[in-house]
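Written out below as structure tokens is the structure these notes cover.
The values are calculated or read from the model by the stated rules, or taken from the named source; none is laboratory data. Please read all numbers here as calculations on a predicted model, not as lab measurements. Ideal geometry is used to build each Cβ from the backbone, glycine not excepted, and the neighbour counts take in all protein chains shown. Side chains are part of the model used for accessible areas, which takes the heavy atoms of the whole protein and leaves out ligands, DNA and RNA. Shrake-Rupley method; radii C 1.70, N 1.55, O 1.52, S 1.80 Å.
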Amino acid sequence: MSSVFEYFTSTWRHILQDKGAMLLLFGAGLVYSFFYPYPYSYEQVESVPTLVIDQDDSYSSRTLTRLLRAAPNLDVIEIDNDTNLISKRLWQGDIMAMVIIPKNFNNDLLAGRVPTVQLASHGGYLLAGSKALASATQATLTMGAVITLQKTQSMGMPEQAALDGLRPLQLNSRSLFNTNDGYGHSIVPAVMVVIIQQTLLIGVTLLLGKLAELKQQPTGSKAYFGMLLVFFTIAFINTLYFFLVATRFQAYSQIANTGTLLAFSAVFCICISAFALLISQAFKTRERGLQMLLITSVPMLFMSGYSWPAESLPDTLYYLRWLLPTTSGIHGFVSINQLGASLAEVSLEFITLCVLALVFIGAGLMLFSSKSNTTEQHAP
């Protein structure tokens, strides 16, 4: 009977002889680490195309328009007073934000009334839309502050006292962990976790699917632990590459304690390796795992509650998402690497991964052992 070490070495031999598995288990992560962060290399959103609908066409509305033109993230591409342009330009994709200055804007200001300026953005581009809304809001608040300052000064208040009245509190805003306020710093470290898991899952299903086609897939507990050790080693290498090399090469925030990172990485890699072995038993052909698992990457990221509020998920998905290692992995790795969290501060994610690993290993052992018994019963 073969030992765990013999299954360990034979699994490595199968991997080294399979170019497709090699590409997925090692090459894919390397390629992703360079090319996925590239579109986010500029980090900041600038020049969001904006349409201004000026329904008042007055001195005050033109003043607000000049402030909107000067806003740092807005590119006012057109000024008009035709509201019919709105839906047309949005559907054509010419604009991502719009500002509607209502009729009687100037008259309301002169009468001491507060006019309502409407701001809207393209919901399909959340970052660009939020930047546009923030810049447009700042422009309108600036105009409001100037008007308030002029009124208080006309009532005899000294200029400095009027200025102090506009700013009763001094706000000093600093970004602690994402110092550039960039989208890449925010999303890429989380996506790295998905890449690590998905490349391993697809690579394992590709390799074991081929062995299943050839009727050569190992069975039994020793075979299971031999393969688990191989895939754990691969996952651990990829994890350390992403979070110790790739993040620093891309100049992303990296303030993790090394011991904490290694401990969390070990548990995560055991969990996804057992998960991969369990999932692989559902595919009996080489390409089927690639076909079925490739489309699950984006749903896993959204279900994690990182790029989309978890509270907005249906109740069933809100709880089922914790059955995926990526959910705990994303929150744990981002907290450790980008926020400097300790192991105690990510204890929920750490314990969840430990429990999932035990469940996946137990289920995987049952499957591999049952197949071994079936093979022995059918042996001549």
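Can you give me the Cα centroid spacing of region 209-265 and region 101-125 in angstrom? Centre-to-centre distance over Cα atoms comes out at 55 Å.
Cβ-Cβ distance of ALA70 and ILE237, R₀ of 51 Å, FRET efficiency by 1/(1 + (r/R0)^6): the value works out to about 0.50.
Tell me, what % of the accessible area of the chain is carbon and sulfur with a 1.4 angstrom probe? On the chain, the fraction of accessible area on carbon and sulfur atoms equals 62 percent.
The C-alpha atoms of the chain define a longest principal axis, and helix 4-17 lies at about 60 degrees to it. Scalar couplings 3J(HN,Hα) for region 256-268, obtained by applying the Karplus form with A = 6.51, B = -1.76, C = 1.60 to θ = phi - 60°, are 6, 6, 4, x, 5, 4, 5, 5, 5, 4, 4, 5, 4 Hz; x denotes Gly and Pro. Charging the Cβ of each Asp and Glu at -1 and of each Lys and Arg at +1, and nothing else, the dipole of the chain about its Cα centre rounds to 900 debye. Amide H contacts for GLU287 (H built 1.01 Å from N in the peptide plane; partners 5 or more residues away or on another chain; cut-off under 5 Å): none found. Here the Karplus relation 6.51 cos²θ - 1.76 cosθ + 1.60, evaluated at θ = phi - 60°, turns the backbone of region 50-64 into coupling constants of 10, 10, 10, 9, 9, 8, 9, 6, 10, 4, 5, 5, 5, 5, 5 Hz, with x for every Gly and Pro. If you add up the charges near GLU6, with Lys and Arg at +1 and Asp and Glu at -1, over every other residue whose beta carbon is less than 13 angstrom from its beta carbon, what do you get? It works out to a net charge of +2. Taken over the chain, lysine pairs spaced eight or more positions apart, or on distinct chains, with alpha carbons under 18 Å apart number 7. The Cα-based radius of gyration of region 1-111, divided by its Kirkwood radius, gives an Rg/Rh of 1.50. In terms of packing, defined here as the mean over residues of other Cβ atoms within 10 angstrom, the peptides 320-331, 339-350 line up highest first as 320-331, 339-350.
Once backbone amide H atoms are built at 1.01 Å from N, ASP94 has no partners under 5 Å, excluding neighbours fewer than 5 places away on the same chain. Its Cα gyration tensor gives the chain an equivalent ellipsoid. The semi-axes, each the square root of 5 times an eigenvalue, are 57, 22, 17 Å from largest down.
Taking the chain as the reference, fit the longest principal axis to its C-alpha atoms, fit the long axis of helix 347-378 to the helix C-alpha atoms, and give the angle between the two in degrees, 0 to 90, nearest 10. Approximately 30 degrees, to the nearest 10. With the simple model of a label 7 Å out from the Cα in the direction of the Cβ, GLU345 to TRP12 spans 3.8 nm.
When the inverse distances between all different Cα atoms of region 218-306 are averaged and flipped, the Kirkwood radius reads 15.2 angstrom.
Given the -39500 (n - 2.57) contribution per DSSP H run of 4+ residues, what per-residue ellipticity at 222 nm results for the chain, rounded to the nearest 500 deg cm²/dmol? Rounded to the nearest 500, it is -19500 deg cm²/dmol. The residues of the chain have, on average, 53 Å² of accessible surface per residue, using a 1.4 Å probe with all protein chains present. Summarising the label geometry, the points placed 7 Å from Cα in the beta-carbon direction at ILE77 and MET366 lie 5.7 nm from one another.
When you count the other C-beta atoms within 10 angstrom of each residue and take the mean per peptide, 248-254, 95-101, 63-69 line up highest first as 95-101, 63-69, 248-254. For the chain, modelled as a GNM whose springs connect Cα atoms under 10 angstrom apart, the maximal fluctuation among VAL334, VAL355, VAL193 occurs at VAL355. Measuring nothing but alpha carbons in region 1-45 and taking Rh as the Kirkwood radius, the Rg to Rh ratio lands at 1.34. Our coupling estimate for region 69-77, obtained by passing each phi through the Karplus curve with A = 6.51, B = -1.76, C = 1.60 and θ = phi - 60°, is 5, 7, 4, x, 10, 9, 10, 6, 8 Hz, Gly and Pro reported as x.
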